[in-house]
Amino acid sequence: MDEKRTASYATAEQRDMQKQTACIAGDIDAVARYWAIRKQELLADAAGTFISFVEPAFLYDMPPFIEPDSFNVMFTEWMLFEYPFRNGRTPLEEYAAHPPAGAKALHLDHVRQICETQTFSRFIIHDKDTRSGMAALEDIQTARRYDVYDPELCKRARWRSGTIGERIACVDGLWVPLANTRLYDRAAPADTALDGPGFFHPEDRVRKPEAEHASFYLRLVRDIIGIDGRYRHTATIPPDEEQRTRTRRNAQPRGA
C-alpha cells in the first residue's frame with residue numbers, strides 16, 4: 001500500500017512539473033510573439049550586432065552549413081535573453097518592466113523570475129533519471145550544481161558523459177531549460193573546462209579582442225559556426241526538429 005501511495009505521489013509530482021514546464025514555455029512564446037510583432041524596433045540592429053560578432057562561416061560559403069531555422073533559433077535566443085535593447089535591458093527585461101495591457105499576473109511573475117535567474121552555460125552531466133526527467137548538472141564555468149527538470153536531456157542515450165550547452169532558469173523553485181539551443185559536446189569535461197567552447201581563447205586576443213567582454217553564449221556560437229571559430233570544423237549542428245515540425249504544420253493547407 002505504501003509503495004502504491006509513493007508511486008502515485010511521484011506520478012502526480014511529475015505531472016505538476018510537466019504542467020509547469022509547459023506553462024513556462026508558453027510564457028517565453030508569448031514574449032517572443034510580442035516582439036515579433038514589433039520587430040522593426042530591434043531586429044535590424046540586433047541582427048547586425050550578432051552577425052558582425054559571430055561572422056557565420058556559411059556567409060563565406062564555408063562549413064558548417066547550418067539550416068536557416070537552426071541559425072534563427074540561435075539568433076533569437078541571444079536577442080531575447082542577452083541583446084542590450086533599451087536602457088541596458090534585454091527585450092525580455094523590457095517586456096517585464098513595461099508589460100502589455102492585459103498581461104496576467106502569473107505570467108508576469110514567471111517572466112520576472114526568468115529574468116532574475118536565467119543563465120547559459122555548458123553543464124557537466126553528472127547523472128540523469130529517465131523516469132523522473134531530472135538531471136544533475138554542473139556549470140563548467142562556476143562549478144555550481146543544479147538539479148534540472150530536463151526530460152529531453154534524460155531520454156537522449158548519447159547525451160551522457162560530456163557537457164550540454166543550454167539556457168536554464170528557476171521558476172517557483174524548479175530549474176528548467178529555456179529556448180531551443182541545446183549543444184551537446186561528447187568531449188570529456190576535463191578536456192574543455194578551461195579553454196573549451198565558449199571561453200575566451202588566447203588567439204582571440206588578436207582575432208577578436210572584444211570577445212573578452214562578450215557573453216559565454218555569444219562566444220560559444222562563434223566558436224562553432226563562426227568563420228574564425230575554433231571548433232567550426234568539428235561541430236555538428238542538428239536541425240531543430242521541433243521547429244521543423246511547427247513549420248510543416250503551418251505549411252499544411254487548411255479547410256480543404
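Does the range 5-16 contain any residue that is of a type in the set (Lys, Arg) and part of a helix (DSSP H, G or I)? Yes - at least one qualifying residue is present in the range 5-16. The condition of being among the basic types (Lys, Arg) and modelled with pLDDT under 95 holds for only one of 131, 122, 144, that being 131. Taken over the range 136-153, residues that are over 22 Å from residue 26 (Cβ atoms) and either buried (at least 21 other Cβ atoms within 10 Å of the Cβ) or of a type in the set (Gly, Ala, Ser) (or both) amount to 4. Checking each residue in the range 48-89 for being among the aliphatic types (A, V, I, L, M) and exposed (fewer than 15 other Cβ atoms within 10 Å of the Cβ) picks out 51, 59, 62.
In summary, residue 179 fulfils each of the numbered conditions (1) in contact (Cβ under 8 Å) with a residue 24 or more places away in the chain; (2) within 24 Å of residue 111 (Cα to Cα); (3) of a type in the set (Gly, Ala, Ser); (4) out of contact with any Lys or Arg (no Cβ under 7 Å at 6 or more places or on another chain) with the single exception of condition (4). For the range 70-179, which fully contained strands (runs of 3 or more DSSP E) count at least 2 residues that are closer than 19 Å to residue 214 by Cβ? In the range 70-179, the matching strands (runs of 3 or more DSSP E) lie at 119-128, 163-171.
The values are calculated or read from the model by the stated rules, or taken from the named source; none is laboratory data. In this text the structure is predicted, and so the values were computed from the model without any measurement. FYI the Cβ positions are ideal-geometry reconstructions off the backbone, even for glycines, and counts take in every protein chain you see.
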